[in-house]
Ligand code: PLP
Ligand code: COI
């Protein structure tokens with residue numbers, strides 16, 4: 001694939017690592033590639049980061065024709081850069097695209113565009129502990145028509161942002177509210193995809209939770225409002241007795257790459273991991289009986305985040321005295337160890353950037 005590179009002549013000053021939040025600062029360039037049914041994917045290019053012009057009728061503005069991905073580039077102690085399981089993002093963006101009738105991107109194209117772009121932006125990968133370069137590939141429809149049809153013109157882009165931790169709490173436990181009014185997704189809908197519409201449907205409950213002092217919402221299934229699904233930006237896991245329970249992939253939750261990696265690491269360490277339905281009732285009983293030992297969320301942005309408090313219908317449940325538990329800590333250390341290259345990647349998950 002030919003990628004034209006138009007380098008910026010006005011490079012920005014890089015921020016101090018200590019000032020990084022999440023997703024507020026962007027690198028010098030962006031990757032763009034266009035699609036049409038006649039030409040397929042074409043015109044791959046890297047341009048200086050900046051605003052762009054789109055037709056006001058573009059499908060993305062009216063019918064939510066948009067899907068995205070999230071992954072990170074990590075700096076190892078020797079200064080080199082690596083990605084974590086980018087092949088999984090290449091697969092998932094296509095599974096999302098298929099659901100909302102956006103054109104799929106050949107995986108090799110996705111990966112080549114990504115690697116070329118990150119290689120150019122290498123100096124933007126921060127150096128301090130816990131920091132990384134968050135990468136946001138996204139794909140949207142830009143047919144210039146108000147008719148509701150499958151997309152014939154689309155654009156794929158990649159932007160990147162140096163980040164610190166997603167939650168202000170860092171590795172300290174977050175407080176999560178179990179949402180019992182709004183629902184995020186239903187089976188047969190788009191819950192398993194990373195489409196912008198899922199996040200639009202989530203925003204109201206998230207805002208309500210934030211006003212009440214909670215970081216995010218824990219969703220229940222959209223039909224019975226009984227089974228635990230996932231949190232706004234992460235999948236969830238619970239240690240109940242000796243069993244690690246995580247909601248099974250029923251079609252309404254995102255098949256997280258961190259979730260998949262955590263399951264593999266935990267099984268490898270000898271834990272019993274069950275992907276099954278978990279009702280809010282069962283969780284409540286486990287809390288009351290003391291069987292619920294630990295809870296955490298996992299995701300690219302959130303990494304492994306302990307959950308110290310859950311609130312359901314106004315009742316507060318404190319988990320593990322609001323402290324990080326031993327399994328959560330072990331999982332955090334192993335996963336971040338692999339991602340930042342501090343421990344051997346025996347799974348072959350990391351991909352070096354030249
Ligand atoms: N669930 C939702 C709704 C998310 O937005 C994310 C973040 O991407 C996750 C789960 C975790 O997925 P992953 O581990 O692939 O980042
Ligand atoms: C990610 O972890 O990559 C996400 O997409 C979460 C996000 C909504 C910030």
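Quick notes on this one:
- Compared with the dominant principal axis of the Cα atoms in the chain, helix 280-289 is inclined by about 50°.
- Three-way shape call for the stretch 116-250 based on the alpha-carbon gyration tensor, with the a/c threshold at 1.5: oblate
- Sorted fewest first by neighbouring Cβ atoms within 10 angstrom, 109, 177, 234 come out as 109, 177, 234.
- Once the Cα atoms are used to define both axes, helix 107-120 deviates from the longest principal axis of the chain by about 80 degrees.
- Computed over the stretch 4-164, the percent of Cα pairs more than 21 Å apart is 48.
- Placing a pseudo-label 7 Å from each Cα along the Cα-to-Cβ vector at residue 249 and residue 344 gives an inter-label distance of 2.9 nm.
- Look at the Cα gyration tensor of the stretch 23-93: its axes a ≥ b ≥ c give a/c of at least 1.5 with a/b over b/c, and that counts as prolate.
- Cα gyration tensor shape for the stretch 207-354, rounded if a/c is under 1.5, else prolate or oblate: prolate
- Once the Cβ-Cβ distance of residue 80 and residue 204 is raised to the sixth power relative to R0 = 51 Å, the FRET efficiency obtained is 0.75.
- Ascending count of other beta-carbon atoms within 10 Å, so fewest first, for 91, 211, 12: 211, 12, 91
- Degrees separating the helix 257-268 axis from the principal Cα axis of the chain, which is the longest one: 50
- Percent RCO, i.e. relative contact order, over the stretch 101-167, from Cα pairs under 8 Å lying at least 6 residues apart: 37
- Residue 242 versus residue 316: modelled label distance in nm, points set 7 Å from Cα along the beta carbon direction: 3.4
- Value at 222 nm in deg cm²/dmol, rounded to 500, when DSSP H runs of n ≥ 4 in the chain each add -39,500 (n - 2.57): -7500 deg cm²/dmol
- Euclidean distance between Cα centres, the stretch 248-277 to the stretch 76-96, Å: 19
- Per-q log10 I(q)/I(0), the chain, q = 0.12, 0.14 Å⁻¹ (Debye; single scatterer per alpha-carbon; no solvent): -0.91, -1.22
- Between residue 104 and residue 2, full extension at 0.36 nm per residue minus the direct alpha carbon distance yields a gain of 34.9 nm.
- Residues 298, 262 arranged by fewest to most Cβ contacts within 10 Å: 262, 298
FYI, it's all coordinate maths here, none of it is from the lab. For clarity, every value in this text was computed on a predicted model and none was experimentally measured. A quick note on method: Cβ atoms are made from the backbone with ideal geometry, for glycine too, and the neighbour counts reach across all protein chains shown.
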